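Read the structure below first, then the notes.
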Amino acid sequence: MSTATEELPRGIELTRKGFVTNYPPYRYWRGDVAQRFLTPAPLNIYVHTPYCVQRCAYCHYKTTTLSENRKPEIDRYVSSLCREIELASKRFDLKARPTHSIYFGGGTPTLLSKDNLSRIMDTLREHLTLADPEITVEGEPVTLIQAKADHLQHLGVNRISLGIQSFADEIVLKTGRRDTEKQGLKAIEIALGTGAVVNIDLMSGLAGETDATWAHTVETALGTGVQSLTVYKTELYSNTDYYASVKKDAQFLPSDEEEVKYAAHAIKQLERANYLPVNFFTFTKGGGFMQRHTTSKWRGDDIYSFGVSAFGALGNISVQNTSDLQKYSDMVEAGELPVARGYQLSAKDLMARDVVLGLKLLRLDRKEFQRRHGFDLVKLVQPTVDALVGGDFLTVTDAELALTRKGLLWGDYTGRQLSAAVDAVAS
Ligand SMILES: C[S@@+](CC[C@H](N)C(=O)[O-])C[C@H]1O[C@@H](n2cnc3c(N)ncnc32)[C@H](O)[C@@H]1O
Ligand code: SF4
């Protein structure tokens, strides 16, 4: 009969000494981590409004239009939002954490009445600890009248993001929106007048776009003096009118090559005017005016999201509320949190997420990645990093992996390649 000792690799002594109390051993434990543990982590808040003036032809968001008088329905929705804030705050002790950012997204939050906006803000103040938060409100230009803007200022809103999409009226018309260049410019002026940091969204690759219409849009956008410009690539989603008309050959959409050309034109003009990239799609004056909310989102920080279909994350669990408006209100009124589905991220998922979302901020800090996950990212996925450096998508230094100018145009592609490699190595 062989003994256990004979089966052990050489150099390893068989012993029953050394009770394992913990992992890792105490010699690795540090005071700064104790301090981090004692400091409540900042919280970010998202509040969803599902209502819009119209359903835009390209838009995939789950929204509902305001064709009839739906005031009672909207009032009920806002009451549900307030109740959900109260319920979630109690359930997760959200008041114990400093709220650093609040983002009113949609849909079109600027459609909400002044009373309803006040009700939501009052409820957030009552049930959370607002720590001089960044407060952003999204809006469609036609909905931002002076009285509404004054009210936003009164509520402490310090960032306004307007969906302009295009300054070429004929292009906007094809999207089903009613905004005109004149109205867009007026709304921007009103927004800037509140003292808020103003962002405008543009979309490259809308139906009917030409070199001339796009050049006009970019030039006009630069002339507004807004602090921040976001250029989204138009994505074609199956639940949109664009998709339906492309299927019928009725709608002309720019090709992928044309869209890349438009995006590249915008980047060049923006950089010339000293609007520098802060993520793949947002360019700010001098690279300043960092937005806490989106930065936190791409870093994977906690975001608690209120409202129908809203999604957020606490720690390593991501959750989404029900997308059914009626069910949302019914559940909240019954005292239940309206959470419908979730995902628990494994250690591998967290690494892949930090890569694919973190790269949206243009660079990945190697030391920070190692601190969070215990691996040097470059060594972990060296062949993929080499291929991306060879293709001129990335540069690598001891400190970071950074997107090149070409990588900026192919940002999600680069992030997906890296995170897929992380996923494969860790499997
Ligand atoms: C929720 S909307 C916010 C503002 C407001 N609802 C509006 O449209 O004016 C956020 C932004 O998403 C972008 N967006 C919507 N559908 C898109 C798509 N199919 N592809 C790319 N960007 C899209 C638009 O630029 C829009 O301004
Ligand atoms: S783009 Fe804005 S206004 Fe248009 S449907 Fe989407 S969320 Fe609503």
- [ ] Tell me, please, whether a residue that is over 24 Å from Gln291 (Cβ atoms), within 15 Å of ligand 2 (Cβ to nearest atom) and part of a loop (DSSP other than H, G, I, E, B) can be found in segment 140-150.
- [x] no
- [ ] Determine if segment 44-52 includes at least one residue that is more than 16 Å from ligand 1 (Cβ to nearest atom) and either assigned to a loop (DSSP other than H, G, I, E, B) or at pLDDT 95 or above (or both).
- [x] yes
Open item on the list: Just checking, does segment 148-161 include any residue being surrounded by fewer than 17 Cβ atoms within 10 Å (Cβ to Cβ), in the same structural domain as Val231 (by TED's automatic domain parsing) and farther than 30 Å from Ser89 by Cα?
Closed with: no
Open item on the list: Between a residue in segment 134-162 that is charged (D, E, K, R) and any residue that is part of a loop (DSSP other than H, G, I, E, B) and away from ligand 2 (no atom under 15 Å from the Cβ), which pairs come within a Cβ distance under 8 Å, given they are 6 or more apart or on different chains?
Closed with: Glu134/Asn158; Glu134/Gln291; Asp150/Thr194; Arg159/Ala196; Arg159/Gln291
Task: Options Ile85, Ile74, Ile45; residue that is of a type in the set (A, V, I, L, M) and within 16 Å of ligand 2 (Cβ to nearest atom) - done: Ile74
Open item on the list: Among the residues that make up segment 90-110, is at least one of them of a type in the set (S, T, N, Q) and over 21 Å from the mean Cα position of the chain (by Cα)?
Closed with: no
Open item on the list: Cβ contacts < 7 Å: first residue farther than 11 Å from Leu202 by Cβ, restricted to segment 256-275; second residue of a type outside the set (A, V, I, L, M, F, W, C) and surrounded by fewer than 16 Cβ atoms within 10 Å (Cβ to Cβ), any location; separation 6+ or different chain. Result?
Closed with: Asn274/Gly286
- [ ] Output the residues belonging to segment 234-251 that are within 26 Å of the chain's Cα centre (by Cα), under 24 Å from Thr180 (Cβ atoms) and not in a helix (DSSP H, G or I).
- [x] Thr234, Thr240
- [ ] Considering only segment 278-288, state which residues are under 16 Å from the mean Cα position of the chain (by Cα) and modelled with pLDDT of 95 or more.
- [x] Val278, Thr282, Phe283
- [ ] Considering only segment 331-427, give the strands (runs of 3 or more DSSP E) lying wholly within it that have at least 2 residues that are under 20 Å from Ser318 (Cα atoms).
- [x] 339-344
Task: Filtered residue count, segment 181-218, keeping only those that are outside any strand (DSSP E or B) and away from ligand 2 (no atom under 15 Å from the Cβ) - done: 24
Open item on the list: What's the total number of residues in segment 177-224 that are under 26 Å from Tyr103 (Cα atoms) and of a type in the set (Gly, Ala, Ser)?
Closed with: 8
Open item on the list: Take the conditions within 15 Å of ligand 1 (Cβ to nearest atom) and either buried (at least 17 other Cβ atoms within 10 Å of the Cβ) or modelled with pLDDT of 95 or more (or both) and apply them to Thr143. Does it pass?
Closed with: yes
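The values are calculated or read from the model by the stated rules, or taken from the named source; none is laboratory data. Bear in mind the structure is a predicted one, so any value in this text is a computation, not a measurement. Note that we place each Cβ from the backbone using ideal geometry, even for glycine, and neighbour counts take in every protein chain shown.
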